[in-house]
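Have a look at the structure below before the remarks.
The values are calculated or read from the model by the stated rules, or taken from the named source; none is laboratory data. Note that this is a predicted model, so its numbers are computed, not measured. Note: ideal-geometry Cβ built from the backbone for every residue, glycine included; neighbour counts use all protein chains shown.
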Amino acid sequence: MSEWPSIGVVIPTHDRPRQVRAALRSVLTQFYPGRIEAVVVFDRAKPDEELAADGERPVRVVKNERTPGLAGARNTGIAALETDLVAFLDDDDEWLPGKLPAQVAALGTDAEMCTTAIEVDYRGRRNARLAERTAVRHADLLRSRMMMLHSSTFVFRRSALMGGLGLVAEDAPGSQNEDWDMLLRAARRRPIAHVDTPLALVNWAGSHFETRWDTKISSLRWILDRHPEIHGSPEGSARVYGQIACWHAAIGDRREALRWALKAARSNPGEPRAAVAAAAAAGLVGVPTVMAALHRRGRGI
């Protein structure tokens, strides 16, 4: 490639001083011939100015001035950049060597967004999650959230974010499922380029969102309202209904858990989350116990 595009990296953070330094280090040590700059966005936390740096790979520290939460912090970072490309990285994740050159090559001249496979770390146990494809289409994302397309792998053309694709949805409850919304919006415009090699290390232990059951419910209902075509996919709708059922079971709302489990089973009789939710509603198993067992295999509910 004769001229490598400049890349701006947005790292939102909240009270994770050790993890954010590791995340930033994984950016600054990437082999990439083009320009890289990073913006660390402090959300509801005092900015740590010690992270700021000049030089060939500058780092800026800013405060989230938009909607409190992950979405507003990401949009604050996007607005602070003028690079050709914009990449996201969560403060508790890290990039692996070779990520940026591979994604820039995969973007080519047509794609507006690129993702990679991931390696999931759950309490020291690691599992690779692959998509088994090099392009992700809208129909793929209706059938499945495709969790390996993690936001810490996202790379966009900034012109798309500031144009037809748009910014991260700040009305997503608790800034959850805003990443799936972004994927669906991007894939509706054109296929998402994908590098099916694990090039990001994603930490699943200690997430801010792991047990916020009410927010999980409201954010899934938000995504169903925003993308009603999900209802038309038997597999995709059953997965979401089953998740909602599980989260209702987790908060002890047996009636709603069983109602959503039934919806899931009607949409796709083979949907396993319906059975999990029913068992949890009956007190036979705890949702956190099931989640922990799945996380150890690099999977989730």
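Here are a few things to note about the model shown:
This table checks each residue for (1) among the charged types (D, E, K, R); (2) surrounded by fewer than 23 Cβ atoms within 10 Å (Cβ to Cβ); (3) in contact with a strand residue (DSSP E or B) (Cβ under 9 Å, 6 or more places away or on another chain).
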{"position": "Met147", "(1), (2), (3)": "no, yes, yes"}
{"position": "Asp171", "(1), (2), (3)": "yes, yes, no"}
{"position": "Gly174", "(1), (2), (3)": "no, yes, no"}
{"position": "Asn177", "(1), (2), (3)": "no, no, no"}
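- Subset tally (residues that are touching a residue at least 40 places away in the same chain (Cβ under 8 Å) and over 15 Å from Val86 (Cβ atoms)) for segment 34-60: 0
- Residues that are touching a residue at least 60 places away in the same chain (Cβ under 8 Å) and part of a loop (DSSP other than H, G, I, E, B) within segment 172-184 comprise just one, Ala172.
- Residue within segment 258-267 that is farther than 24 Å from Ala117 by Cα and in contact with a Ser or Thr (Cβ under 6 Å, 6 or more places away or on another chain) present: yes
- Members of segment 103-118 found to be at pLDDT below 95 and either surrounded by 21 or more Cβ atoms within 10 Å (Cβ to Cβ) or hydroxyl-bearing (Ser, Thr, Tyr) (or both), listed by number: Thr109
- Test for Val27: is it part of a strand (DSSP E or B), of a type outside the set (Lys, Arg) and either on the phi > 0 side of the Ramachandran plot or under 19 Å from the mean Cα position of the chain (by Cα) (or both): no
- Segment 263-277: number of residues that are in a helix (DSSP H, G or I) and surrounded by fewer than 23 Cβ atoms within 10 Å (Cβ to Cβ): 6
- Subset tally (residues that are crowded, with 20+ Cβ neighbours inside 10 Å and out of contact with any Leu (no Cβ under 7 Å at 6 or more places or on another chain)) for segment 224-262: 14
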